[in-house]
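S.K.: What follows is a structure written as structure tokens; I'll ask about it next.
The values are calculated or read from the model by the stated rules, or taken from the named source; none is laboratory data. Because the structure is predicted, anything quoted here is derived from the model rather than measured. Here the Cβ positions follow ideal geometry from the backbone for every residue, glycine too, while neighbour counts run over all protein chains shown.
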Amino acid sequence: MQSTVSASVNSFRPDLQGLRAVAIALVVLAHTNVPGFSGGFVGVDVFFVLSGYLITGLLVQERMSTGSIFYGKFLARRLRRLLPALLVMLVVVLTTASFSLSAYETRMQSGSFLFSATWTSNFFFAFVDRDYFSALQSEDLFLHTWSLGIEEQFYVVWPWLLIFVFFLVSKKYCLKRARNVVLGALGVVFVASLLLCLYWAKNQQLLSFYMMPARAWQFALGAAVYVRSYEIGRSRFAGTAIGIGGLLLIVGSAVFLGPDINYPGFFALFPSLGAAMVIAAGTGASQNLVNSALSSKYFVWLGDRSYSLYLWHWPVLILGNSFGIKASVSGILLLIIISTLLAMLSYRQVELPFWKGRYSQAKSSRTFLVSLLMVVAAIGVSDGLYRNVYGDRSAVLIAQNYYPRQDVSRAIYGRGLGCDTWYFSTELVPCAIGERDGEHLAILLGDSIGAQWSTLVSGVFSAPDWQVLVLTKSSCAIVDESYYYEKAGGDYVVCTEWRNKALEYIAALEPDVVIIGSSATYDFTDSQWVDGSSRVLSKLSKAAFQVVVVAGTPELTFDGPSCLEEPYRFSYRLLGGSRECEEVESESTSEDVVAYLRRSVADFSNANVLDLGDLVCPEGKCAARTKEGTVVFRDQQHLTMTFVNEQIDEARARLQAMGIDSRFEAVSTDAMESE
């Protein structure tokens, strides 16, 4: 194998650095939400295939030249290459966050620090229990390190696979048959891993995305390209054709794939095969157009710094978003520039000394010891920062008696009630508010945005005459349409089944009033909003005397309570407001959805739309706190119970104006039937 392969792959390949540049560019474009590149996350798949090719090449060459694979030395080289830059980023970002963000933001957005420092953050993101009402958890400052965890776990396992295969073939087979045995082993890994990936993608999507065994097929694909590189892309024409086809698969995947698909699954084959084709295209004896272009100094420059740019771009974007910088094109460009400058600094001052500089030849034993001490030191620094954040700042919050995040209806979200089973179960758990023996029955059906009005409903339709039941499931639109939900790993089938159960339950009870509510942020078309709502209303209008559709309310572009805790961070971000933590509504989504809902209720004589958006954002200005001092939002989108209760009188007046009076006695379901 050595005589036929080493000449073409043993030397430095600048085109592979160029491929790294393409991969990191796609990732950054996706993370900055540049239109047309929502699938840029496929850049990570390119990195995995590249790693399979390069790492297999290093190990095979070592085996051929020395007769052995030195596992300890291999891991030591990986540690020197990757760990210092990672730890520097982690400590700098956490320090910045702890002094610039609120205590809550820091806690929610850095929960993966310990795991990131030990290359296990992919396990954290796959298995950690998420709090639905903490949107900040999805903006973890170190979310991007999941792929580094997969890479490191690959480095730990992969040499042993090759050691085992070489043990089998070292004495039994000639060179050609030995190569075929290696390819066979890689084929087994490829097929087994891909099947596992497809199975998990359908049944446990987080595992398929975050777990190394479900990604091993991508590493095996790159490894197979190395083993077969002696006979792929030998002519200039063939190399160009293969390379162009590969780039089209990669870029096409970034353009045509999006976050609303079940990924990785089957779709991950396209960018992975594209990466393998580009790599294979450059293994011929002569240069071709593709690897010549990728070998240009600009691509190579970016590719050299791709690791550092990958490390820094995500936390810079998240921190920038916390300060409102990411909200504009100029802001995005500024954050990209900052990320690039930090990547350049990290590359020169941290990466190079340990990769090719004076620390690159350190003994393996010393490397392991220093690495352990560095990780322990980083964890120690994080512990000190956390104590400062949660100690000093929490004391301030306690002194102010300031707990807006817990300002919710205990009858719905109290511990142990199980009213909301989120995406975990289709079980329908009705929760009662007020008298259970009231003469009249009102039912509130909604997602968490709809359920936030539960105390208002019980205030309007109050005891002792009324009983109120609440049926709620987070992120479940009360719209008869199927849709993708990332947490569920595909179509939100649990929501569909639960919603159907709820509608049947309501039909059996025949309540006096049904109130339904959903967020306005679901990605439905106008026809889906109108038709999907109409299908729900057609069932409810037959079951209930009156149906009220509460429109989704506007949201903030920042976390409300955090702004109130650290108001100076948002003072420049008023966007036309006159107070701190206030902004003009940036989008008309809520108003558009109100219009869709009005079109839906027009066909039903006993259905009306109740729009309370102007109470949340009076005069089109959304604030974290009212002028009278009431905290409006308990996060970025959900309202506090205190604010909701203050709207009871106004909501009652608006309902009465629609002909819906909570005191009605004469007009009942029986009267309606007699008509």
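S.K.: Suppose we filter F323, F256 for residues that are surrounded by fewer than 18 Cβ atoms within 10 Å (Cβ to Cβ), assigned by TED's automatic domain parsing to the domain that holds Y71 and under 30 Å from S208 (Cβ atoms); which single one remains?
M.R.: F256
S.K.: Checking L469 against (1) modelled with pLDDT under 95; (2) surrounded by fewer than 18 Cβ atoms within 10 Å (Cβ to Cβ), which test does it fail?
M.R.: Every condition holds for L469 apart from (2).
S.K.: For the subset of segment 98-116 comprising residues that are hydrophobic (A, V, I, L, M, F, W, C) and at pLDDT below 90, which member is surrounded by the fewest Cβ atoms within 10 Å (Cβ to Cβ)?
M.R.: F99
S.K.: Residues in segment 417-462 that are closer than 19 Å to D661 by Cα, surrounded by fewer than 17 Cβ atoms within 10 Å (Cβ to Cβ) and in contact with a strand residue (DSSP E or B) (Cβ under 6 Å, 6 or more places away or on another chain): how many?
M.R.: 1
S.K.: Let me ask another. For Q287, which of the numbered conditions (1) of a type in the set (S, T, N, Q); (2) closer than 30 Å to S193 by Cα; (3) not in a helix (DSSP H, G or I) fails to hold?
M.R.: Q287 satisfies all of (1) of a type in the set (S, T, N, Q); (2) closer than 30 Å to S193 by Cα; (3) not in a helix (DSSP H, G or I) except (2).
S.K.: Take V60 and tell me if it is over 18 Å from I261 (Cβ atoms) and at pLDDT 95 or above.
M.R.: Criteria not met by V60.
S.K.: While we're on this one: For segment 176-263, give me every one of the helices (runs of 4 or more DSSP H) that falls completely inside it and has 3 or more residues that are under 26 Å from the mean Cα position of the chain (by Cα), modelled with pLDDT of 90 or more and hydroxyl-bearing (S, T, Y).
M.R.: No helices (runs of 4 or more DSSP H) qualify here.
S.K.: Mind telling me which of the residues W146, W119 ends up being of a type outside the set (A, V, I, L, M) and on the phi > 0 side of the Ramachandran plot?
M.R.: Residue meeting the stated conditions: W119.
S.K.: What residue, among those in segment 522-548 that are assigned to a loop (DSSP other than H, G, I, E, B) and in contact with a helix residue (DSSP H, G or I) (Cβ under 9 Å, 6 or more places away or on another chain), is nearest to G659 (Cα to Cα)?
M.R.: F545
S.K.: Considering (1) outside any loop (DSSP other than H, G, I, E, B); (2) over 30 Å from Q349 (Cα atoms); (3) among the aliphatic types (A, V, I, L, M), say which one I279 fails and leave the rest.
M.R.: (2)
S.K.: OK, next. Which condition number in (1) within 26 Å of R436 (Cα to Cα); (2) buried (at least 17 other Cβ atoms within 10 Å of the Cβ) is the one that A508 fails?
M.R.: Tallying (1) within 26 Å of R436 (Cα to Cα); (2) buried (at least 17 other Cβ atoms within 10 Å of the Cβ), A508 fails exactly one: (2).
S.K.: Could you please give the count of residues in segment 595-633 that are in contact with a strand residue (DSSP E or B) (Cβ under 7 Å, 6 or more places away or on another chain), surrounded by fewer than 18 Cβ atoms within 10 Å (Cβ to Cβ) and assigned to a helix (DSSP H, G or I)?
M.R.: 2
S.K.: Given (1) over 16 Å from A30 (Cβ atoms); (2) touching a strand residue (DSSP E or B) at 6+ places or on another chain (Cβ under 8 Å), identify the lone condition not met by L269.
M.R.: The number of the failed condition is (2).
S.K.: On the basis of being more than 12 Å from A551 (Cβ to Cβ), modelled with pLDDT of 90 or more and acidic (D, E), does D603 make the cut?
M.R.: Criteria met by D603.
S.K.: Looking only at segment 363-380, count how many residues are surrounded by 17 or more Cβ atoms within 10 Å (Cβ to Cβ) and either more than 22 Å from F113 (Cβ to Cβ) or not aliphatic (A, V, I, L, M) (or both).
M.R.: Counting residues in segment 363-380 that are surrounded by 17 or more Cβ atoms within 10 Å (Cβ to Cβ) and either more than 22 Å from F113 (Cβ to Cβ) or not aliphatic (A, V, I, L, M) (or both) gives 3.
S.K.: I've got another one for you. Being in contact with a Pro (Cβ under 9 Å, 6 or more places away or on another chain) and either under 23 Å from R81 (Cβ atoms) or free of Cβ contacts under 8 Å to residues at least 60 places away in the same chain (or both) is the filter here, so list the residues in segment 295-320 that pass it.
M.R.: Residues satisfying the conditions are S295, K297, F299, V300, G303.
S.K.: If you check F47 against the conditions, is it under 30 Å from G331 (Cα atoms), assigned by TED's automatic domain parsing to the domain that holds R177, of a type in the set (F, W, Y) and modelled with pLDDT of 95 or more?
M.R.: Considered against the rule, which asks whether it is under 30 Å from G331 (Cα atoms), assigned by TED's automatic domain parsing to the domain that holds R177, of a type in the set (F, W, Y) and modelled with pLDDT of 95 or more, F47 comes out as yes.
S.K.: Report yes if N288 is closer than 28 Å to P35 by Cα and in the same structural domain as V42 (by TED's automatic domain parsing), otherwise no.
M.R.: no
S.K.: Hey, another quick one. Being modelled with pLDDT of 85 or more, basic (K, R) and surrounded by 12 or more Cβ atoms within 10 Å (Cβ to Cβ), is that true of even one residue in segment 341-351?
M.R.: yes
S.K.: Within segment 53-60, does at least one residue satisfy the condition of being in contact with a Ser or Thr (Cβ under 6 Å, 6 or more places away or on another chain) and assigned by TED's automatic domain parsing to the domain that holds V182?
M.R.: no
S.K.: So, one more: Answer yes if at least one residue in segment 486-500 is surrounded by fewer than 22 Cβ atoms within 10 Å (Cβ to Cβ), over 16 Å from F424 (Cβ atoms) and touching a residue at least 24 places away in the same chain (Cβ under 8 Å), and no otherwise.
M.R.: no
S.K.: Take segment 319-365 and flag every residue that is closer than 30 Å to N33 by Cα, assigned to a loop (DSSP other than H, G, I, E, B) and not polar (S, T, N, Q).
M.R.: Result: F323, G324.
S.K.: Would you please name the residue that is modelled with the lowest pLDDT, looking only at residues in segment 479-503 that are farther than 17 Å from D420 by Cβ and among the hydroxyl-bearing types (S, T, Y)?
M.R.: If we take residues in segment 479-503 being farther than 17 Å from D420 by Cβ and among the hydroxyl-bearing types (S, T, Y), then Y484 is modelled with the lowest pLDDT.
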